[in-house]
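Here's the structure, in C-alpha coordinates; my notes come after.
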Amino acid sequence: MLHKIDKIRGFHILAADGEIGHVDEFLVDGRDWSVRYLVVDTSNWIGGRSVIVSSEAVERVDKADNKLYVAADRDTIANAPALESIDAALSQAEIGPPFTII
(Lines give C-alpha, C1' and ligand atoms only; values in the text may rest on other atoms or scores of the structure.)
Protein backbone atom coordinates (compact mmCIF):
# COMPACT_ATOMS: atom_id res chain seq x y z
CA MET A 1 0.00 0.00 0.00
CA LEU A 2 2.79 2.45 0.80
CA HIS A 3 4.03 2.38 -2.78
CA LYS A 4 0.51 3.32 -3.92
CA ILE A 5 0.15 6.33 -1.64
CA ASP A 6 3.55 7.60 -2.70
CA LYS A 7 2.18 7.85 -6.24
CA ILE A 8 -0.34 10.51 -5.15
CA ARG A 9 2.23 12.64 -3.33
CA GLY A 10 2.21 15.99 -5.13
CA PHE A 11 -1.33 15.58 -6.50
CA HIS A 12 -3.29 18.84 -6.51
CA ILE A 13 -6.10 18.96 -3.96
CA LEU A 14 -9.42 20.39 -5.12
CA ALA A 15 -12.12 21.44 -2.67
CA ALA A 16 -15.72 21.93 -3.71
CA ASP A 17 -14.96 25.53 -4.67
CA GLY A 18 -11.43 25.40 -6.04
CA GLU A 19 -7.84 24.28 -5.64
CA ILE A 20 -6.30 24.36 -2.16
CA GLY A 21 -2.79 22.97 -2.50
CA HIS A 22 -1.10 19.64 -3.00
CA VAL A 23 -0.49 16.41 -1.11
CA ASP A 24 2.79 16.69 0.74
CA GLU A 25 2.78 13.84 3.25
CA PHE A 26 0.54 11.31 4.96
CA LEU A 27 -0.23 10.52 8.59
CA VAL A 28 -0.43 6.76 8.78
CA ASP A 29 -1.93 4.69 11.59
CA GLY A 30 0.87 2.75 13.25
CA ARG A 31 -1.31 -0.33 13.83
CA ASP A 32 -2.66 -1.14 10.40
CA TRP A 33 -0.82 1.33 8.15
CA SER A 34 -4.04 2.95 6.98
CA VAL A 35 -3.85 6.57 5.83
CA ARG A 36 -5.69 8.63 8.45
CA TYR A 37 -4.78 12.15 7.29
CA LEU A 38 -3.26 13.91 4.33
CA VAL A 39 -0.80 16.71 4.95
CA VAL A 40 -1.68 19.41 2.44
CA ASP A 41 0.83 22.07 1.44
CA THR A 42 -1.12 25.28 0.86
CA SER A 43 1.91 27.47 0.12
CA ASN A 44 0.51 28.62 -3.22
CA TRP A 45 -2.77 29.60 -1.63
CA ILE A 46 -2.67 30.66 2.04
CA GLY A 47 0.97 31.46 2.51
CA GLY A 48 2.94 28.36 3.22
CA ARG A 49 0.96 26.56 5.87
CA SER A 50 0.66 22.81 5.88
CA VAL A 51 -2.70 21.59 7.15
CA ILE A 52 -4.13 18.17 7.81
CA VAL A 53 -7.21 16.83 6.04
CA SER A 54 -8.93 13.61 7.04
CA SER A 55 -8.60 10.82 4.51
CA GLU A 56 -12.35 10.33 4.95
CA ALA A 57 -12.88 13.65 3.17
CA VAL A 58 -11.40 12.27 -0.06
CA GLU A 59 -14.16 11.85 -2.63
CA ARG A 60 -12.13 10.67 -5.61
CA VAL A 61 -8.68 10.49 -7.10
CA ASP A 62 -8.09 11.44 -10.73
CA LYS A 63 -4.82 9.70 -11.61
CA ALA A 64 -4.86 10.95 -15.20
CA ASP A 65 -4.86 14.62 -14.12
CA ASN A 66 -2.97 14.17 -10.81
CA LYS A 67 -5.86 15.59 -8.80
CA LEU A 68 -7.52 14.58 -5.57
CA TYR A 69 -11.02 15.86 -4.76
CA VAL A 70 -12.16 16.42 -1.18
CA ALA A 71 -15.59 17.00 0.35
CA ALA A 72 -14.79 20.36 1.91
CA ASP A 73 -14.70 23.97 0.84
CA ARG A 74 -11.67 26.26 0.73
CA ASP A 75 -12.69 28.09 3.89
CA THR A 76 -12.83 24.84 5.86
CA ILE A 77 -9.35 23.91 4.64
CA ALA A 78 -7.99 27.38 5.38
CA ASN A 79 -9.18 26.98 8.96
CA ALA A 80 -7.92 23.40 9.36
CA PRO A 81 -5.25 22.77 11.99
CA ALA A 82 -1.73 23.67 10.88
CA LEU A 83 0.75 20.84 11.09
CA GLU A 84 3.36 22.23 13.42
CA SER A 85 3.34 18.96 15.30
CA ILE A 86 1.08 15.94 15.12
CA ASP A 87 -0.16 16.44 18.68
CA ALA A 88 -1.03 20.10 18.10
CA ALA A 89 -2.82 19.42 14.81
CA LEU A 90 -5.12 16.65 15.96
CA SER A 91 -8.19 17.36 18.01
CA GLN A 92 -8.19 16.51 21.68
CA ALA A 93 -10.80 13.86 20.89
CA GLU A 94 -8.41 11.98 18.59
CA ILE A 95 -7.52 8.65 20.09
CA GLY A 96 -5.53 5.80 18.75
CA PRO A 97 -2.02 4.68 18.10
CA PRO A 98 0.95 6.85 17.33
CA PHE A 99 1.07 8.22 13.83
CA THR A 100 3.89 7.93 11.37
CA ILE A 101 4.49 10.70 8.85
CA ILE A 102 5.17 9.30 5.39
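The values are calculated or read from the model by the stated rules, or taken from the named source; none is laboratory data. The model shown is predicted, which means the values in this text are computed figures rather than measured ones. Note that each Cβ is placed from the backbone with ideal geometry, even for glycine, and that neighbours are counted across all protein chains shown. Ligands, DNA and RNA are stripped out before the accessible areas are found, and what is left, the full protein with its side chains, is counted by its heavy atoms. Shrake-Rupley method; radii C 1.70, N 1.55, O 1.52, S 1.80 Å.
Every test in (1) open to solvent by 40 Å² or more (accessible area, probe 1.4 Å); (2) modelled with pLDDT of 70 or more is passed by Thr42 save one, and that test is (1).
Answer yes if at least one residue in the stretch 48-63 is over 14 Å from the mean Cα position of the chain (by Cα) and either at pLDDT 80 or above or among the β-branched types (Val, Ile, Thr) (or both), and no otherwise. Yes, the stretch 48-63 contains a residue that is over 14 Å from the mean Cα position of the chain (by Cα) and either at pLDDT 80 or above or among the β-branched types (Val, Ile, Thr) (or both). Every residue in the stretch 33-62 that is free of Cβ contacts under 8 Å to residues at least 24 places away in the same chain, charged (D, E, K, R) and either part of a loop (DSSP other than H, G, I, E, B) or touching a strand residue (DSSP E or B) at 6+ places or on another chain (Cβ under 6 Å) (or both), please. Within the stretch 33-62, Asp41, Glu59, Arg60 meet the criteria. Cβ-Cβ contacts under 7 Å between residues 6 or more apart (or on different chains), taken from a first residue in the stretch 14-29 that is over 15 Å from Lys67 (Cα atoms) to a second residue that is of a type in the set (Lys, Arg) and crowded, with 18+ Cβ neighbours inside 10 Å, are listed as Leu27/Arg36; Val28/Arg36; Asp29/Arg36. Within the stretch 27-77, the set of residues being touching a Leu at 6+ places or on another chain (Cβ under 7 Å) and among the polar types (S, T, N, Q) comprises Ser50, Ser55. Residues of the stretch 11-39 that are over 17 Å from Ile77 (Cα atoms) and open to solvent by less than 60 Å² (accessible area, probe 1.4 Å): Val28, Asp29, Gly30, Ser34, Val35.
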